[in-house]
1. Pick from region 143-161 the residues that are assigned to a strand (DSSP E or B) and touching a helix residue (DSSP H, G or I) at 6+ places or on another chain (Cβ under 9 Å): which of them is surrounded by the fewest Cβ atoms within 10 Å (Cβ to Cβ)?
2. Quick check on my filter: what residues within region 1-29 are outside any helix (DSSP H, G or I) and of a type in the set (V, I, T)?
3. Go through region 25-56 and report how many residues are modelled with pLDDT of 85 or more and under 17 Å from the mean Cα position of the chain (by Cα).
4. Any residue at all in region 176-189 that's part of a helix (DSSP H, G or I) and not assigned by TED's automatic domain parsing to the domain that holds L83?
5. Consider only pairs whose beta carbons are under 6 Å apart and that are at least six residues apart or on different chains; among these, list those whose first residue lies in region 35-49 and is in the same structural domain as G13 (by TED's automatic domain parsing) and whose second residue is hydroxyl-bearing (S, T, Y) and assigned to a strand (DSSP E or B).
6. Collect the residues in region 173-190 that are more than 27 Å from L83 (Cβ to Cβ), of a type outside the set (D, E, K, R) and surrounded by 11 or more Cβ atoms within 10 Å (Cβ to Cβ), keeping them in residue-number order.
7. Can you name the residue in region 20-34 that is more than 15 Å from Q86 (Cα to Cα) and touching a residue at least 24 places away in the same chain (Cβ under 8 Å) and, of all such residues, is surrounded by the fewest Cβ atoms within 10 Å (Cβ to Cβ)?
Amino acid sequence: MRYQISGKQLDIGEALQSHVKTELNETLDKYSQRPTDATVVFSRAAHEFLCEISVHLSTGLTAAAKGTGSEVYAAFESCREHLDKQLRRYKRRLKDHVRNRPDPVEFGAAGMYVLAADGGNGDSEPESLAPVIIAEMQAQVPTLSVGEAVMQMEIAGSPMLVFRNEKHGGVNVVHRRDDGNVGWIDPRNIK
């Protein structure tokens, strides 16, 4: 497994790196997943340390967690516990996902753009209705069932997920609603 352990304006020593690798391997081995790579980022916010972990599994799923603490090691342990809790909560579904899907999740390429904000207070009329593109990137859109998409969104801790529905091939969206429920957008024409 590949590790990328870094710090934002923070020096990460060899002892912390080896501790992270050992503990993360132990956590991931418990759930018999096949991780391909893990990204661990440490940062500091005022008096607290922040740790963010993102683990990519060979099945195409991504697990992410955040944790804080008064010390770097405490922040990592908090983050690792959150990751452990997520993987434990979804262990059965992850195993079913692997069992029902012998091949890895397919990803399709899609364009992703960052648009400039209006930059003003909203009182002025824009000169053009065409948005200004400030960045162009490529995104990966997985082909999943709706249940797998909801699980992926929950594990990654993201507010929404765009995916291609494996039943009909159309682009769908699942998202976390303000009321705490999950919304599913399926724009196909239903007759």
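1. Across region 143-161, the extreme among qualifying residues is M160.
2. I5, I12
3. Count: 12.
4. no
5. A38/Y3; T39/S54; V41/S6; E48/T68
6. I185
7. Of everything passing the filter in region 20-34, R34 is surrounded by the fewest Cβ atoms within 10 Å (Cβ to Cβ).
The rows are residues; the columns are (1) closer than 23 Å to V55 by Cα; (2) of a type outside the set (D, E); (3) modelled with pLDDT of 85 or more.
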| residue | (1), (2), (3) |
| --- | --- |
| E127 | no, no, no |
| V146 | yes, yes, yes |
| I155 | yes, yes, no |
| N181 | no, yes, yes |
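The values are calculated or read from the model by the stated rules, or taken from the named source; none is laboratory data. All of these numbers come straight from a predicted model, not from anything done at the bench. Using ideal geometry, Cβ is built from the backbone for each residue, glycine included, and neighbour counts are taken over all protein chains shown.
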